[in-house]
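> Take a look at this one; I'll ask things after.
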Amino acid sequence: MTSILQFINDAGFIGWCIMFVGFAGLALVVERAQVLYFKYGMNVDEFMTRVQTLVLAKKSDEALVVCAQLQEKPMAQAFKTILEKADRDDDAIFQAHDIAMAETVPQLTKRLHYLSMLANVATLLGLLGTIHGLILSFQAVATADPAQKQTLLAHGISVSMYTTALGLAVAIPAMVFYSFLVSRQNQLVEQLTEKCGKLTELLTGAHMPTLTRQTVFPDSLAKDQLGSSKAPPTNVRAS
């Protein structure tokens with residue numbers, strides 16, 4: 001632990017700035033991992049099967065109760081928003097679907113982009129520290145006393161290397177964790193899009209009339225009936 005602190009002290013002010021960025025990135029990784037993998041995680045197929053069974057059985061109220069029991073889950077929140085409009089027309093159901101997606105997707109995507117930003121900032125701070133160390137080295141060569149020139153030159157180069165190493169040590173793990181978290185985020189968004197689309201299709205399909213000749217070809221059937229009513233009788237005797 002002492003050697004790590006000494007390493008950061010040798011990197012100077014920029015080194016401590018990089019460590020602050022690293023702690024912020026670590027806190028963000030822990031928070032997003034806990035939310036995406038545990039808080040928002042659920043057995044999606046089992047949940048969809050329960051809701052679908054209740055909807056097909058015309059038990060939308062019970063389906064709403066199931067969603068209310070899992071209110072902290074984004075998918076359950078989206079399903080609840082759509083099911084609340086189950087007794088409306090198709091346009092209202094489609095509108096509820098759009099509202100549910102607009103309200104739920106930001107819960108899955110919020111704050112994660114900051115992790116990528118922090119990784120880039122750590123890299124740039126490391127580059128800034130490198131330039132700062134090189135400036136110190138050139139100043140030592142140009143203006144320092146010959147007796148101290150070697151010491152100051154070594155110090156400038158060490159600052160340059162320390163800050164570069166710290167910047168990469170923070171940025172590389174941050175980008176790795178960012179890739180895993182984005183993959184999980186995209187998986188949840190795809191599941192949400194797919195299941196909400198299926199629920200909307202299920203609800204709107206329930207409003208379709210029974211397919212009979214009257215519903216499919218109403219005009220042709222009306223014409224047939226009109227033509228048969230105007231046809232003259234064939235069994236009339238001549239007077």
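The values are calculated or read from the model by the stated rules, or taken from the named source; none is laboratory data. Source: prediction; values computed, not measured. Cβ coordinates were reconstructed from backbone atoms using ideal geometry, including for glycine residues, and neighbour counts include every protein chain displayed.
> Report, by residue number, each residue of region 31-79 that is aliphatic (A, V, I, L, M), modelled with pLDDT of 90 or more and out of contact with any helix residue (DSSP H, G or I) (no Cβ under 8 Å at 6 or more places or on another chain).
35, 65
> Something else: Give all pairs with beta carbons closer than 8 Å in which a residue from region 101-123 that is at negative phi meets a residue that is outside any helix (DSSP H, G or I); count only pairs at least 6 apart in sequence or on separate chains.
107/40; 108/40
> Quick one: in region 80-95, which of the residues that are in a helix (DSSP H, G or I) and among the acidic types (Asp, Glu) is surrounded by the most Cβ atoms within 10 Å (Cβ to Cβ)? Show your work before the answer.
Going through region 80-95, the residues in a helix (DSSP H, G or I) turn out to be 80-83, 90-95.
Narrowing the set further to residues that are among the acidic types (Asp, Glu) leaves 90-91.
Working: 90: 15, 91: 10.
Ranking the qualifying residues of region 80-95, first place goes to 90.
> Let me ask another. Any chance you could count how many residues in region 151-207 are over 29 Å from the mean Cα position of the chain (by Cα) and either closer than 20 Å to residue 45 by Cβ or of a type in the set (A, V, I, L, M, F, W, C) (or both)? Spell out how you get there, then give the answer.
To start, the set of residues in region 151-207 that are over 29 Å from the mean Cα position of the chain (by Cα) comprises 151-166, 206-207.
This time we only want the ones that are either closer than 20 Å to residue 45 by Cβ or of a type in the set (A, V, I, L, M, F, W, C) (or both), so: 152-154, 157, 159, 161, 165-166, 206.
The qualifying residues number 9.
This table checks each residue for (1) aliphatic (A, V, I, L, M); (2) surrounded by 12 or more Cβ atoms within 10 Å (Cβ to Cβ); (3) over 24 Å from residue 184 (Cα atoms).
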site: 18; (1), (2), (3): yes, yes, yes
site: 24; (1), (2), (3): yes, yes, no
site: 28; (1), (2), (3): yes, yes, no
site: 32; (1), (2), (3): no, yes, no
site: 42; (1), (2), (3): yes, yes, no
site: 47; (1), (2), (3): no, yes, no
site: 62; (1), (2), (3): no, yes, yes
site: 78; (1), (2), (3): yes, yes, no
site: 97; (1), (2), (3): no, yes, no
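> Let me ask something additional. Contact list please: Cβ distance under 7 Å, first residue in region 170-195 and surrounded by 19 or more Cβ atoms within 10 Å (Cβ to Cβ), second residue among the charged types (D, E, K, R), pairs at least six apart or on different chains.
The qualifying pairs are 181/32.
> Can I ask one more? Looking at residue 102 and the list (1) in a helix (DSSP H, G or I); (2) of a type outside the set (S, T, N, Q); (3) out of contact with any Phe, Trp or Tyr (no Cβ under 7 Å at 6 or more places or on another chain); (4) surrounded by 15 or more Cβ atoms within 10 Å (Cβ to Cβ), which single condition is not satisfied?
Of (1) in a helix (DSSP H, G or I); (2) of a type outside the set (S, T, N, Q); (3) out of contact with any Phe, Trp or Tyr (no Cβ under 7 Å at 6 or more places or on another chain); (4) surrounded by 15 or more Cβ atoms within 10 Å (Cβ to Cβ), only one is false for residue 102: (4).
> A follow-up question, please. Could we say that residue 141 is surrounded by fewer than 19 Cβ atoms within 10 Å (Cβ to Cβ), farther than 30 Å from residue 193 by Cβ and over 21 Å from the mean Cα position of the chain (by Cα) here?
Values: surrounded by fewer than 19 Cβ atoms within 10 Å (Cβ to Cβ): yes; farther than 30 Å from residue 193 by Cβ: yes; over 21 Å from the mean Cα position of the chain (by Cα): yes.
Here the answer is yes, as residue 141 does meet what is asked.
> Quick check on this structure: which one of 73, 80, 110, 85 is of a type in the set (Lys, Arg), out of contact with any His (no Cβ under 6 Å at 6 or more places or on another chain) and closer than 19 Å to residue 205 by Cβ? Don't jump to the end; show me each part of the working.
Values: 73 fails: closer than 19 Å to residue 205 by Cβ; 80 fails: closer than 19 Å to residue 205 by Cβ; 110 fails: closer than 19 Å to residue 205 by Cβ.
85 is the lone residue from the list that is of a type in the set (Lys, Arg), out of contact with any His (no Cβ under 6 Å at 6 or more places or on another chain) and closer than 19 Å to residue 205 by Cβ.
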